[in-house]
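Okay, structure first, notes after.
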C-alpha cells in the first residue's frame, strides 16, 4: 500500500518558492524584499506573504527591520563554518557508504554535464545552481528523506553565503572538474577515494568562501 505524500499548505508552497529563488541567486544577501511586488508576482495576499516572511525569518533566511521592511539575511561567519561542518559529516559519509549503482548517480551525472555546458556558455550563477544539484545527488545516496530535507535547507543558507561573493566564475569554476573526478571515482567503485576527495573539496571551498566573505565584510565596515 502506497502512502500519499502530504499536501503542502499555501504558506509552505510559497516559502518553498522563495527558498528556490534564493538558491537560484535571484535574492541576494541584504536585499530588501518588496511586499507589494512579491505578493503580486506570487499571486498571494500580503497577509499570506507576511506569514511566510515570519516563517523564513525563523529559519534565519530573512530578517525584519522595524520601520524599514524585510531583508534577505546576511549569513555570519560562524553559520558558514557550521554549514560546512555539517556538509562534511553528511556528504563524505554518503559517498563512503554508497554503492556505485545507486539511482542518484544519474542525478550527479546530469548535474556535472549541466555544469560543463553552462561553463561553456559563461553562465556562472547557473553553474552554481547545477553544482548544488550535484551535491543534493550525493546526499541522496544515503537514502534518508530527513537528510534530504535538512540538506535542502542548508543549500539555501549556503547560497546566501555565495551571494556575498561578487565573482561567480571565481567561486564555481574550480569545482566543476572536481565534481567530475569525484563522480568518476564513485562510478569506479572507489568509495573511499571519492569520500576523501569530497572532504578536500569542502575544505577548499570553505576556505575560499570565508576568506572572500571576511574581506567583503571588512571593506563594508561590518563586524564578522
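The values are calculated or read from the model by the stated rules, or taken from the named source; none is laboratory data. Quick caveat: nothing in here was measured; it's all calculated off a predicted structure. No Cβ is skipped: glycine too gets one built from the backbone with ideal geometry, and neighbour counts run over all protein chains shown.
Is there a residue being without any contact (Cβ under 8 Å) to a residue 12 or more places away in the chain and within 22 Å of residue 114 (Cα to Cα) anywhere in the stretch 188-195? No, every residue in the stretch 188-195 fails to be without any contact (Cβ under 8 Å) to a residue 12 or more places away in the chain and within 22 Å of residue 114 (Cα to Cα). Just a yes or no: is a residue in the stretch 35-55 modelled with pLDDT under 90 and touching a helix residue (DSSP H, G or I) at 6+ places or on another chain (Cβ under 8 Å)? Looking for residues that are modelled with pLDDT under 90 and touching a helix residue (DSSP H, G or I) at 6+ places or on another chain (Cβ under 8 Å), one finds none in the stretch 35-55, hence no. Tell me whether the stretch 210-221 contains one or more residues that are modelled with pLDDT of 95 or more and loosely packed, with under 14 Cβ neighbours inside 10 Å. No - not one qualifying residue is present in the stretch 210-221. Out of the residues in the stretch 197-209 meeting the condition of being crowded, with 16+ Cβ neighbours inside 10 Å and without any contact (Cβ under 8 Å) to a residue 60 or more places away in the chain, tell me which one is nearest to residue 161 (Cα to Cα). Looking at the filtered set, the residue picked out is 201. For the stretch 15-34, filtering for residues that are farther than 27 Å from residue 216 by Cβ and touching a helix residue (DSSP H, G or I) at 6+ places or on another chain (Cβ under 6 Å) leaves 1. Among all positions in the stretch 104-112, there is at least one residue which is farther than 15 Å from residue 177 by Cα, under 17 Å from the mean Cα position of the chain (by Cα) and modelled with pLDDT of 95 or more. If the condition is being over 30 Å from residue 30 (Cα atoms) and at pLDDT below 95, then the stretch 161-186 contributes no residue at all. Looking only at residues in the stretch 181-196 that are buried (at least 16 other Cβ atoms within 10 Å of the Cβ) and more than 15 Å from residue 102 (Cβ to Cβ), which one is nearest to the chain's Cα centre (by Cα)? Within the stretch 181-196, the match that is nearest to the chain's Cα centre (by Cα) is 196. Of the helices (runs of 4 or more DSSP H) lying entirely inside the stretch 1-89, not one is found with 3 or more residues being over 21 Å from the mean Cα position of the chain (by Cα) and in the same structural domain as residue 162 (by TED's automatic domain parsing). Looking at 62, 55, 118, just one residue is free of Cβ contacts under 8 Å to residues at least 60 places away in the same chain and in contact with a strand residue (DSSP E or B) (Cβ under 7 Å, 6 or more places away or on another chain), and that residue is 62. Among residues that are surrounded by 14 or more Cβ atoms within 10 Å (Cβ to Cβ) and farther than 30 Å from residue 196 by Cα, residue 25 is not included.
With a requirement of 2 or more residues that are assigned by TED's automatic domain parsing to the domain that holds residue 97 and over 27 Å from residue 16 (Cβ atoms), the helices (runs of 4 or more DSSP H) lying completely within the stretch 117-224 that satisfy it span 168-187, 191-219.
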